[in-house]
Amino acid sequence: MRQIGVGGKMLDRNVVDTEALPPRERFGMWLDLVARTAAPLRMRSAHADDFTARAEIIPLGPIQLVNYRYPSLDAVRTAKLARQTELDYFLLALTTTGTGASGQAGRQSVIRPREFTFYDGSRPHQVSHEGEQGGRQLATSVVALIPYGALPLPPERLAPLLAGRMSGTEGVGALLAQYLMQIAGNPEQYHAADAERLGTTGLDLIATLLGRHLVAEDEVPREVRRRALLAQVRAYVQRHLGDATLTPQTIAEAHHVSVRTLHRLFEAEETTVASYVRDLRLQRCRRDLADPAQAHRPIQAVAARWGFADKAVFSRAFRAAYGESPQGYRAARREQARIVNGSASVVNSTSPY
């Protein structure tokens, strides 16, 4: 196992990759890894003679994410192993490729790509996962490990969801699936200082998804529901930022809430809905204006790309936010680039190498 992190800036990650070993030793390494986890399992695989697998474990404050890639496998957590558990965990598993199956508490489900299954790691269960093309391709999944007590719902209320299927392609499930895959697939894009907040947001979305499937949303604390809805709204705004018709009214309608509810949602964020949209648009415009690859693009086209239909309105907003006009900002960045590139040319031309 190796730990990844640069100067404490990136998210901490522990990576296990069996390719570092000879083929015949790989499955044994994987069994040893699983035996040392919070929920050890008995495992078997048709690919035990060459088990090319990888697990990337990402601690996120209240939860952990594990990004898995492995050949087809079958696993069982026996009653004896369950009694040996030191820490009690729930697991929410998102199948990303291949076909999975889960069984717990007398319930069995087949899990397709972009579907979740939920189970209690402290109780006996069975899981299997087969890659595509009859197992010839690797199977992949993203699993969230959630300690008992982290969820605002008691274990007995969650029992009806064990080994069930939940969609990851619509509603809160789609947002959660996208969120988990983005972090698990691109952990280098986030800072260690973000881990706690990323984990809290993920936990809020998980609690909301489980509450919806229990048809017991009222049991999810109000603040958890508020943060989950806020995450949905933010994701929606970022997807539709270039739409000039994006307004508090259209955002509220898309989320089936009143405009008043939407405004209350942002009160705790010390901003308004309109200000949040405007600030995001200005950030995108400033980024594009500083990009040398977009120097040919007219300023009005940059503004229109991010939802500013009126050039004068955009110029006033940009100056108010950054203290200079869009034209002045772009010109200053061009001059900085010219100076830097000119200096680099002089250094390179005088280099003896």
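So if I place +1 on the C-beta of Lys and Arg and -1 on the C-beta of Asp and Glu, and nothing else carries charge, what would the dipole magnitude of the chain be about its Cα centre? I want it in debye, nearest 20. Walk me through the numbers before you get to the answer.
On the way: 44 positive and 36 negative charges, 149 e Å.
Dipole about the Cα centre, nearest 20: 720 debye.
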**OP:** Be a star and scan segment 243-264 for residues whose amide nitrogen sits under 13 Å from the point 7 Å along the Cα-to-Cβ vector of residue 313.
**Re:** 243-248
**OP:** Round to the nearest 10 and give me the degree value, 0 to 90, for the angle of helix 23-35's Cα axis relative to the longest principal axis of the chain.
**Re:** 90
**OP:** Report, in debye and to the nearest 20, how large the dipole of segment 62-107 comes out about its Cα centre when Lys and Arg carry +1 and Asp and Glu carry -1 on their Cβ.
**Re:** 100
Subject >> Cα-based Rg / Dmax (Å) for segment 21-83 >> reply: 12.7, 37
**OP:** Might you work out the accessible area of residue 247 for me, using a 1.4 Å probe with all protein chains in place, and round it to the nearest 10 Å²?
**Re:** 50
Original post:
Pairing the Cα long axis of helix 326-350 with the longest principal axis of the chain, what angle in degrees results, from 0 to 90 and rounded to the nearest 10?
Top reply: 80
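Based on the alpha-carbon gyration tensor of segment 233-275, what equivalent-ellipsoid semi-axes (square roots of 5 times the eigenvalues) come out, in whole Å, largest first? Walk me through the numbers before you get to the answer.
Working: eigenvalues 51, 29, 15 Å².
After diagonalising the Cα gyration tensor, the semi-axes are 16, 12, 9 Å.
Given the -39500 (n - 2.57) contribution per DSSP H run of 4+ residues, what per-residue ellipticity at 222 nm results for the chain, rounded to the nearest 500 deg cm²/dmol?
Roughly -13500 deg cm²/dmol at 222 nm, from the helical runs in the chain.
Can you give the convex hull volume per residue for the Cα atoms of segment 241-331, as a whole number of Å³? Don't skip to the end; give the middle numbers.
Values: hull volume 8.6 nm³, N = 91.
For segment 241-331, the hull spanned by Cα atoms encloses 94 Å³ per residue.
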Original post:
In whole Å, what are the Cα extents of segment 29-148 along the three principal axes, biggest one first?
Top reply: 37, 31, 28
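Starting from the alpha-carbon convex hull of segment 92-158, give the projected area averaged over all orientations, in nm². If you can, show how the numbers build up before the last one.
Values: hull surface 19.2 nm².
Here the figure is 4.8 nm², rounded to one decimal.
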Subject >> Entry for volume of the Cα convex hull per residue in Å³ (calculated from the structure that is shown) out of [x] 220; [y] 150; [z] 190 >> reply: [z]
**OP:** Leaving out ligands and nucleic acids, note down the accessible area per residue over segment 204-337 with a 1.4 angstrom probe, in whole Å².
**Re:** 54
**OP:** Would you kindly derive the ³J(HN,Hα) couplings of segment 250-264 from the backbone phi angles with the Karplus curve 6.51 cos²θ - 1.76 cosθ + 1.60 (θ = phi - 60°), listing them in order in whole Hz, with x for Gly and Pro?
**Re:** 5, 5, 4, 4, 5, 10, 6, 10, 7, 4, 4, 4, 4, 5, 5
**OP:** Using +1 at the Cβ of each Lys and Arg and -1 at the Cβ of each Asp and Glu in the chain, identify which of 296, 10, 118 lies farthest towards the dipole's positive end.
**Re:** 296
**OP:** Starting from the Cα of residue 17, step 7 Å toward the Cβ, then list every residue of segment 52-89 with an amide N under 20 Å from that point.
**Re:** 52-59, 65-72
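Accessible area of the chain with a 1.4 Å probe: how many percent of it is carbon plus sulfur?
Working: 9230 of 18380 Å².
Carbon and sulfur: 50 percent of the exposed surface of the chain.
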Original post:
What is the set of long-range amide H partners of residue 90 at a cut-off below 5 Å, with H atoms built 1.01 Å from backbone N?
Top reply: 121, 146, 148
**OP:** Please find the FRET efficiency linking residue 320 to residue 280, where r is the Cβ-Cβ separation and R0 is fixed at 22 Å, and quote it to the nearest 0.05.
**Re:** 0.90
Original post:
Two-decimal Rg/Rh of segment 148-232 from alpha-carbon positions, Kirkwood Rh?
Top reply: 0.97
Original post:
Hey, what angle do you get for helix 311-322 against the long axis of the chain, alpha-carbon based, 0 to 90 degrees rounded to 10?
Top reply: 70
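The values are calculated or read from the model by the stated rules, or taken from the named source; none is laboratory data. Computed from a prediction, not measured in an experiment: that's the story for all the values here. With ideal geometry, Cβ positions are generated from the backbone for all residues, glycine too; neighbour counts draw on all protein chains shown. Protein only, heavy atoms only, side chains kept; ligands, DNA and RNA dropped before computing areas. Shrake-Rupley method; radii C 1.70, N 1.55, O 1.52, S 1.80 Å.
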